1. For region B:217-231, give me each residue that is in contact with a Leu (Cβ under 7 Å, 6 or more places away or on another chain) and either under 18 Å from A:ASN239 (Cα atoms) or within 12 Å of chain A (Cβ to nearest Cβ) (or both).
2. All but one of (1) surrounded by 16 or more Cβ atoms within 10 Å (Cβ to Cβ); (2) over 21 Å from B:ASP177 (Cα atoms); (3) without any contact (Cβ under 8 Å) to a residue 12 or more places away in the chain hold for B:SER100, so report the exception by its number.
3. On the basis of being over 28 Å from A:ALA175 (Cβ atoms) and surrounded by 17 or more Cβ atoms within 10 Å (Cβ to Cβ), does A:PHE74 make the cut?
4. Restricted to region B:238-274, and to residues that are among the hydroxyl-bearing types (Ser, Thr, Tyr) and outside any helix (DSSP H, G or I), which residue is nearest to the other protein chains (Cβ to nearest Cβ)?
5. If you check B:ASP193, B:ASP167, B:ASP180, which single one turns out to be of a type outside the set (Ser, Thr, Tyr) and in contact with a helix residue (DSSP H, G or I) (Cβ under 6 Å, 6 or more places away or on another chain)?
6. Is there a residue in region B:191-208 that is under 17 Å from B:ASN115 (Cα atoms), in contact (Cβ under 8 Å) with a residue 60 or more places away in the chain and within 14 Å of chain A (Cβ to nearest Cβ)?
7. Give me a count of the residues in region B:60-85 that are without any contact (Cβ under 8 Å) to a residue 60 or more places away in the chain, among the polar types (S, T, N, Q) and over 23 Å from B:GLU176 (Cβ atoms).
Protein chains: 2
Amino acid sequence: MKREKIDLLVTFNRNYIGPFRTMLRSLLLNNPGESFRVWLLHSAIAQEDLQELEEFCNAQGVPFSALRVDRAVFRDAPISRQYPQEMYYRLLAPQLLPDSVKRVLYLDSDILAINPVRPLWEMDLRGCAFAAASHSGVLDVMNGVNRLRLKTDHDYYNSGVMLMDLDAARKIVRAEDIFDCVREHAAELLLPDQDVFNYLYGKATLPLPDEIWNYDARYYHAYLIRSEGVCQMDWVMQNTVFLHFCGKRKPWSRPYSNRFSALYKHYMQLTARL
Amino acid sequence: MKREKIDLLVTFNRNYIGPFRTMLRSLLLNNPGESFRVWLLHSAIAQEDLQELEEFCNAQGVPFSALRVDRAVFRDAPISRQYPQEMYYRLLAPQLLPDSVKRVLYLDSDILAINPVRPLWEMDLRGCAFAAASHSGVLDVMNGVNRLRLKTDHDYYNSGVMLMDLDAARKIVRAEDIFDCVREHAAELLLPDQDVFNYLYGKATLPLPDEIWNYDARYYHAYLIRSEGVCQMDWVMQNTVFLHFCGKRKPWSRPYSNRFSALYKHYMQLTARL
C-alpha cells in the first residue's frame, strides 16, 4: 500500500539554505520508504538559489514548490526591520498554501530528523488546529515567565516544529488578527512569530512531548534529570525524532561543541557529498 | 568506469556481530558508488548466525564469504585461553585468504567509517606489505613503552585498521614465525596479536596518519592539542575516515559517553532499522 505523501513547510532566508539541505538530508535518510513534498514560503530568495534548491530536492525524489509571497498580502501588516514580513509566513501558512494541502508539517531548518516522522504525521489532533511542543520542564523558568508575559494559561510552545491541520487552521487563522496582535503588543514581543502563535493559537494547540518531537539539543542534562534518568543518549537516539539546535550558537559554526555536534557535522558532510 | 571492488577482512566472535553490522552500515552509507566484499575468518560462529550475516550483507549488495579456519592449521600453535586461535587469523590472512585476493582491508568491528575509504584502498604501499597507523602522539607514553618493551625502532602500530598487500605479505608471513614468536615472548605479550604484528611485521609496515585512518575516539582533546587546533570537530567529521572506539568501554554499552557517542548510537539505530 502506498503511503500518503508527507507535506513539509519551510520558510527561510538565504542564510538558511545550507542548514535546510542538512535538515532534509537527515529527514530522508531516517525515513526510508516515505515520500515527501516541500513547500517553501519566501519573499526574496534569488531565482538561481531556488533552482539549486529544486534540483537538490528533486535529485532525492522530493517535489519542491517555492511560493513567493505577494507583498500585497502585507499591505496592512506592521512591518519593520524587527518584524519582517517573513515572520508571518508560518502563521499564515493556512492561507498561503493551496487549499488542496490539508495537513502540513512545519520544520525550522536548524533541526536534524533522526527517526521516523510518520507517527506525528498520522497523529489525531483531536480537533486542534496545531500540534507543537513546549520546552517546559527543561526551561521551567522561561515557561513561567512567558505564561505571565503573554497572560496565557497553557505552556509556551516552541514554533520550530508544528503540525498543522490546515482545514481546521483555515477556520481560525485570520491575517487581520495577527497584524492586530503585533500592533497591540509590539513592545512585549520578544520572539515575534512564536509569541504571536502562542498568544493567538496556543489554545488551539495539542501539546507534544518535546523529548520526542522538539528536543532542545542544548539541554541533554536537563532532559536526563527531568526524566529521572530515562533520557540517556541511547534513549534519545532511539526515540527522539527532531533534534532542534535552538539558540544563537549554531552547530554549523565552527566553535559549536556539545554532545550532538559530531552528529550534526556528520550530517553536514553527508549532505555536502550529494 | 566500474571501480574495483574493495575486499574487507573481519575476524570476530559472536559478541561482535552487532558492532560489525553497525560498522558495515556506516561504511556503506559513507561510500556510495563503491562495492565491497566481506571476508570473515572465524572458528566457531554458528551456522544460523552466519546465515543472518550473509543475508544482512547481501541485502545491501555485499557478497559475504565466511571461512571457517581448519584447526589443523594450528596444530603447532601455542593456544590457550589467553591466546585463542582467533588471535592468529588477521596475522595469517595472507595464507588463509584465497590467492585471488590481492589486497584486503582489515577492520576491527568497533569502528565507524564516516568518510570514503578509496584513498586508502588505492594507496601505494611503496613495497610495504602492510599499512597501519600508530596512536603515537596521542598516547606518547605508551608508544615509548611499547617500543622499549618490544625492542622495535618503529612506532607501535594499532592493528585495528590494516591495509594488506597480500602478495607482498605472502612472501614474508609464515605461520611458524608467528607461533615461535608467541612461544618465545608469551610472558611479555600484552595484546598478543598486535604485539606479534609489531614485533614481526612492523618494519614492513607503511605508517598512516591515525587522525585520518585510525582515530582513537577517546582522545578528541589530545588530537586537538597535537594538531595545534587543526583537528576541531569540523575537521574530524570532514577528514577522518575510521573512528575507532578503542578501549574497554564500548559505545554500544549504555553508560558510554563522549562526544562521539551520539554519532555511534545513531548508527546503531540506522542499522537496527534495516
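1. B:ALA217, the sole residue that qualifies.
2. (1) is the only condition that B:SER100 fails.
3. Taking the combined requirement at face value, the residue does not satisfy it.
4. B:SER257
5. B:ASP193 is the lone residue from the list that is of a type outside the set (Ser, Thr, Tyr) and in contact with a helix residue (DSSP H, G or I) (Cβ under 6 Å, 6 or more places away or on another chain).
6. Within region B:191-208, none of the residues are under 17 Å from B:ASN115 (Cα atoms), in contact (Cβ under 8 Å) with a residue 60 or more places away in the chain and within 14 Å of chain A (Cβ to nearest Cβ).
7. 1
The rows are residues; the columns are (1) at pLDDT below 95; (2) over 20 Å from B:LEU243 (Cβ atoms).
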| site | (1), (2) |
| --- | --- |
| A:ILE178 | yes, yes |
| A:VAL182 | yes, yes |
| A:ALA187 | yes, yes |
| A:PRO209 | no, yes |
| A:LYS248 | yes, yes |
| A:TYR256 | yes, no |
| A:HIS266 | no, no |
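The values are calculated or read from the model by the stated rules, or taken from the named source; none is laboratory data. As the structure is a computational prediction, the values presented were derived from the model and not from experiment. Note that each Cβ is placed from the backbone with ideal geometry, even for glycine, and that neighbours are counted across all protein chains shown. Protein only, heavy atoms only, side chains kept; ligands, DNA and RNA dropped before computing areas. Shrake-Rupley method; radii C 1.70, N 1.55, O 1.52, S 1.80 Å.
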